[in-house]
Amino acid sequence: MPEQPRASLIRRSFRVGALGCNCSVVVCPDTKEALVVDPGDEAPRVLEALAAEGARAVKIVHTHAHFDHVMGTGEVAARTGAEILIHTGDRWLYDNVPMQAQMFGLWRADDVPPPPPTRELAGDEALAFGRREARALHTPGHTPGSLCFFLEHAGETPIVFAGDTLFRRSIGRTDLWGGSFEAITRSIRERLLTLPDATVVVAGHGPDTTIGEERAANPFVR
C-alpha cells in the first residue's frame, strides 16, 4: 500500500492584549498535545483556539516575562493544567508583572498576577508536546532571560518563535529592565541567523518573516 501522507504541524497565531502580543497555539497533529507560546492576554481566545483544534495544552512557554506576554498565563494554566515555563533569568520580571503593567497604565483592578512557574529553564532544553518538540534557545538582550523556541521536523518548514528578540526588519527594544543592545545583536547573529534560511520567524509583535530575509535585509544585524 502507498505510504499515507503525514499530517503537518498545526499553528494558530493571533494578536492579544492592548500591545498586540502575538500568541501562538502549536499542536502536534498526531496526539493533539499543544504548546502555548506567550499567552499575553485574552485567555478565552487562547482556550477557544485550543478547543477549535481539539487540542490539550501541556506546556505554556514564554519568550520573556514582560507583562504583555504573560497576563493570560494564569487562566490558561488553571483551565488546562499545563506547565508554566520561563527562563530563570526573567523570574524577577515575572514576579513583578503588576509593577510593569502599572508603569504602562495597563494594570486593571481585576487583574491577577500569573502564578509561579512550574519550571525555570536555562536554555537548550528540548520541550516535548506529543511527538514534536521545541528547542529553547537562550537569546538575552531584550531581557536577560529571553528565549526563542525552534521547531524542526522532517518534511516541514522550520519555525522559530522569536518573541521580542527579532522582528521583521527590526529588533527588540533594549531600554527596558535588563536590556542590552550588544547582547541582543549577538544573540541574533549567533543563535538565530545560524538557523536555516527558510525558517519562519514568528515575532512577538507584527508580521512573520524568515531568517533568510532578515539576514539579507535587517539593518541592525545584516
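With a requirement of 2 or more residues that are modelled with pLDDT under 95 and within 26 Å of Pro158 (Cβ to Cβ), none of the helices (runs of 4 or more DSSP H) lying completely within region 1-112 satisfies it. Only residues that are within 14 Å of Val202 (Cα to Cα) and open to solvent by 70 Å² or more (accessible area, probe 1.4 Å) were counted across region 7-48, and they come to 3.
Among the strands (runs of 3 or more DSSP E) confined to region 114-179, the ones with at least 1 residues that are open to solvent by 40 Å² or more (accessible area, probe 1.4 Å) and either over 21 Å from Ala57 (Cα atoms) or at pLDDT below 95 (or both) are located at 132-138. Would you check if Ala126 is on the phi < 0 side of the Ramachandran plot and in contact (Cβ under 8 Å) with a residue 24 or more places away in the chain? So Ala126 fails the test. Filtered by the rule that a residue be in a helix (DSSP H, G or I) and surrounded by 15 or more Cβ atoms within 10 Å (Cβ to Cβ), region 182-206 gives Ala183, Ile184, Thr185, Arg186, Ser187, Ile188, Arg191, Leu192.
With the requirement that a residue be in a helix (DSSP H, G or I) and open to solvent by less than 30 Å² (accessible area, probe 1.4 Å), what does region 207-222 give you? Passing the criteria: Ile211, Gly212, Glu214. Among the residues making up region 157-205, a single one is farther than 18 Å from Ser146 by Cα and small (Gly, Ala, Ser): Ala198.
The values are calculated or read from the model by the stated rules, or taken from the named source; none is laboratory data. Keep in mind that what you see is a predicted model, and the values were worked out from it rather than measured. Cβ atoms come from the backbone with ideal geometry, glycine included; neighbour counts cover every protein chain shown. Only protein heavy atoms, including side chains, enter the accessible area calculation; ligands, DNA and RNA are left aside. Shrake-Rupley method; radii C 1.70, N 1.55, O 1.52, S 1.80 Å.
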